[in-house]
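The structure under discussion appears below in the form of structure tokens.
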Ligand SMILES: Nc1ncnc2c1ncn2[C@@H]1O[C@H](COP(=O)(O)OP(=O)(O)OP(=O)(O)O)[C@@H](O)[C@H]1O
Ligand SMILES: [Mg+2]
């Protein structure tokens, strides 16, 4: 039965500590012949945060800063290089794929591209029933059918639409189908990686509001990833700002949006002015450095309008300052 999990008493659904993820750069035959060393992409560099039960926590930052890699490592689609992931009280960092299967039904993903993420040859009913039958969260086909119709109704479809195929639906409708599929295993945690970026602006609010209604109805926690700060501000309770695989600032939504401290956060917010807020800093200049050769000091040093000598020598750590955490020498 969906919607009434036995809940643990621990406050956090997820605790991520010092998470590190790297990739080997593709190594071609020419590289081998010339004896070039294999290079490493440092995608996630010691990220720590936690998500409370029934909370929305967002990761924001420019393209390539490691948001998706962090998310994919947390749900163990990728093996973490190091660090720990505690989900619902269990340290899943080193779980085998078999052990992960039991956890995976409790942590589901909603993907960015509602076109690519639904199998075009499956009917909607089978798309939604497949995970519950696979994870055996229902007793059999009959219960799966009943549950599927219930979920379809919750995300706003009529029963007869269950017989259709994905191509018969619009982008927003497909995303709602993806949401029904995510809910089908009775999860307590959902990772939503850019869930509305591919949708028309007019449809985005509809899908976001559905996600937020479901959060209350099903007692869900979300890890929400988006590059649109107005979307994040609308849905999130806390957020972390990532730059070059590092978390540079983290805290409650209003604290971060109203009084950003890290020069990168200030620049991000300044680049996205809203009606009710004036620009708070200088927009960003220059490019993000390569994640292959990380700078020894602050990851943001090459673009920081307030850099000091110490910034290129020493890497700042996240410290509590003025009601949030920030990693910046200006405040250490
Ligand atoms: N499979 C992979 N192999 C090699 N490098 C990768 C791989 N996946 C990601 N990367 C690199 O890791 C870094 C982080 O990528 P990631 O996709 O996590 O960023 P992101 O913040 O999700 O960006 P976007 O906003 O564009 O989705 C980037 O430099 C990217 O090129
Ligand atoms: Mg991404």
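Here, each number is a calculation from the coordinates, and none is a lab measurement. Nothing here was measured: the structure is a model prediction, and the numbers come from that model. Cβ: placed from backbone, ideal geometry, glycine included. Neighbour counts: every protein chain shown.
Counted over the range 40-164 with a bin width of 5 Å, the fraction of Cα pairs per bin, in whole percents, is 2, 8, 15, 17, 18, 15, 13, 8, 3, 1, 0. Estimate the FRET efficiency between residue 217 and residue 331 by the formula 1/(1 + (r/R0)^6), using the beta-carbon distance for r and 51 Å for R0, to the nearest 0.05. The formula returns an efficiency of 0.80 here. With a ≥ b ≥ c the root eigenvalues of the C-alpha gyration tensor of the range 135-202, is it rounded (a/c under 1.5), prolate (a/b larger than b/c) or oblate? Oblate shape, in that a/c is at least 1.5 and b/c is the bigger or equal ratio.
As a test of the formula, what do you get for the chain when each DSSP H run with n ≥ 4 contributes -39,500 (n - 2.57) and the sum is divided by the residue count, at 222 nm and rounded to the nearest 500 deg cm²/dmol?
Values: 10 runs with 98 residues, N = 332.
Taken over the chain, the calculation gives -8500 deg cm²/dmol.
Between residue 306 and residue 294, the modelled labels are 2.3 nm apart [label points 7 Å from Cα along Cα→Cβ]. One Cα centroid belongs to the range 199-278, the other to the range 284-332; the line between them spans 21 Å. Between the helical axis of 201-218 and the longest alpha-carbon principal axis of the chain there is an angle of about 70 degrees.
Take each peptide in 159-169, 25-35, count the other Cβ atoms within 10 Å of every residue, and average; sorted highest first, the result is 159-169, 25-35.
So, by mean Cβ neighbours within 10 angstrom, what's the order for 47-53, 13-19, 140-146 with the highest one leading?
13-19, 47-53, 140-146
Just order 128-135, 290-297, 247-254 by mean Cβ neighbour count inside 10 Å, highest at the front, would you? Can you show the working numbers first?
Working: 128-135: 19.4, 290-297: 14.5, 247-254: 21.5.
Result, highest mean first: 247-254, 128-135, 290-297.
Across the chain, the relative contact order, built from alpha-carbon pairs under 8 Å that are at least six residues apart, equals 20 percent.
Working from label points 7 Å from Cα in the Cα-to-Cβ sense, the residue 150 to residue 81 distance is 4.4 nm.
When you restrict to C-alpha pairs under 8 Å that are six or more residues apart and normalise by the size of the range 171-279, the relative contact order lands at 20 percent.
Here's the picture: a label point sits 7 Å out from the Cα of residue 126 along the beta-carbon direction, and within the range 156-174 the residues with their amide nitrogen under 13 Å of it are 163-166. Put a dot 7 Å past the Cα of residue 143, heading toward its Cβ, do the same for residue 25, and the two dots end up 5.3 nm apart. Alpha carbon centre of the range 54-108 versus the range 127-167: separation in Å? Using only Cα atoms to place each centre, the spacing works out to 26 Å.
Per-residue Cβ neighbour counts within 10 Å put 196, 231 in the sequence 231, 196, beginning with the fewest.
For the chain, the Kirkwood hydrodynamic radius comes to 21.3 Å, computed from all pairs of different C-alpha atoms.
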